[in-house]
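I have placed the structure first, in the form of structure tokens, so that the comments after it can refer back to it.
The values are calculated or read from the model by the stated rules, or taken from the named source; none is laboratory data. Given the structure is predicted, the values throughout are model-derived calculations rather than measurements. Because the Cβ atoms are built from the backbone with ideal geometry, glycine has one as well, and the counts that use them run over all protein chains shown.
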Amino acid sequence: MFNRRGILAIIMMSVVVLLLAACSGENGEGQKDVSEDLDASVEKASAEEGPEVIKAHEAINHEPTPLDIERDGSDVYVNMTAQITDIEIDDGYNYKAWTFNGEAPGPLVVVNEGDTIHFTLDNMDPSIPHSMDFHAVHTAPDKGFADVAPNEEGTFVYEASNPGVFMYHCGTDPVLSHIANGMHGVIIVQPDDGYPTDDEVDQEYVIIQNEWYKYNDLDNMTNEEPSQVVLSSKALHDGQPNTNGTVGALIDEPLKAKVGDKVRFYINNVGPNEMSSFHVIGTLFDDVYIDGNPANHQEGMQTVGLPASGGAVVEFIVKEPGTYKFVTHQFNHVQKGGVGKLIVTE
């Protein structure tokens, strides 16, 4: 009979044999490199947790389409596309964005107070209807902002009767999905009599804030914090930066001014969910026009609060050379990309 010590020895030898058998494999050392299986399982998990792209969009990456806008007196003909275009919103993070004209934010539209806009949307998306909601106009939404079916065109007519800096966006349900996936932009309606400070302004730029969430994840867009909050610029004049809403866009392509310049920013927070507290570090806003309307004039502001879709015209003087960062003063959003810079030289 085995004593207790002998039984324990036999058990331990059996365990060792089983472990060696489990580790034996086909490589030269007689042991299997389990890292390959681990890598494979991680890749599988990543694939399972990755963004769910609508099947009809998987092979689509439309090239950006230039904005088509023509004027005939006070009639302005604006032709835009709804399309699917890949945008690298952060280093190595490609987003199959739903866009207007392949840009997110979409192209800048500028008209004059009193113009009649003849707007045509060419929906290049093969699977989803899209639409256009211009905050700058008065219209019955079910008619003027009606859906345009996949691979179809729709034309709508309305008057731009109010001056200001306005958001535009796709208004198709669920609206949050369409805006958060990239279908947003800015339309400026220039006031008929201009701004009181027009003769004083030396430089003017368009600044847009937007957020990004998990790709096409309506639950995340509804209930969670944005993964990126970014500032971009659309060229108002030749030679200015025209960027997408990507992390670091206005750090990589800073805005420029000279000492003593009065600088004007047309700004809009297209959201879709978060507030913006717009601030330029190192200066104060001498003149502010809330929503870009000359009637809404304020002076000496440090920060301008912009609700989702809210706009403003802000003006300030840069008195010394240096780098002036502009941010949303909600600094958790600065950490996510909500910052740009203005380089001021002699």
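Observations, loosely collected:
- Residue under evaluation Val327, criteria (1) of a type in the set (Val, Ile, Thr); (2) part of a loop (DSSP other than H, G, I, E, B); (3) within 18 Å of the chain's Cα centre (by Cα), criterion not met: (2)
- Residue-level analysis places Val344 outside the set of residues that are in a strand (DSSP E or B) and over 15 Å from Leu250 (Cβ atoms).
- Residues considered: Glu152, Glu103, Glu159. Of these, the only one that is out of contact with any helix residue (DSSP H, G or I) (no Cβ under 9 Å at 6 or more places or on another chain), modelled with pLDDT of 95 or more and under 24 Å from Asn220 (Cβ atoms) is Glu103.
- Condition check for Asp291: over 30 Å from Val175 (Cα atoms), among the acidic types (Asp, Glu) and at pLDDT 95 or above: no
- Enumeration of residues in segment 289-323 that are among the polar types (S, T, N, Q) and surrounded by 13 or more Cβ atoms within 10 Å (Cβ to Cβ): Asn293, Asn296, Gln298, Thr303, Ser309
- Those residues of segment 161-198 which are under 25 Å from the mean Cα position of the chain (by Cα), in a loop (DSSP other than H, G, I, E, B) and under 12 Å from Val111 (Cα atoms), in sequence order: Pro163
- Of residues in segment 205-222 being touching a residue at least 40 places away in the same chain (Cβ under 8 Å), outside any strand (DSSP E or B) and polar (S, T, N, Q), the one nearest to Thr328 (Cα to Cα): Thr222
- Restricting attention to segment 241-275, the residues that are closer than 21 Å to Tyr95 by Cβ and in contact with a helix residue (DSSP H, G or I) (Cβ under 9 Å, 6 or more places away or on another chain) add up to 8.
- With a requirement of 2 or more residues that are within 30 Å of Ala59 (Cβ to Cβ) and touching a Ser or Thr at 6+ places or on another chain (Cβ under 8 Å), the strands (runs of 3 or more DSSP E) lying completely within segment 83-138 that satisfy it span 93-100, 116-123.
- Number of the condition not met by Gly164 [criteria: (1) buried (at least 23 other Cβ atoms within 10 Å of the Cβ); (2) within 19 Å of Phe100 (Cα to Cα); (3) not charged (D, E, K, R)]: (2)
- Flag if Thr155 is of a type in the set (Val, Ile, Thr) and outside any strand (DSSP E or B): no
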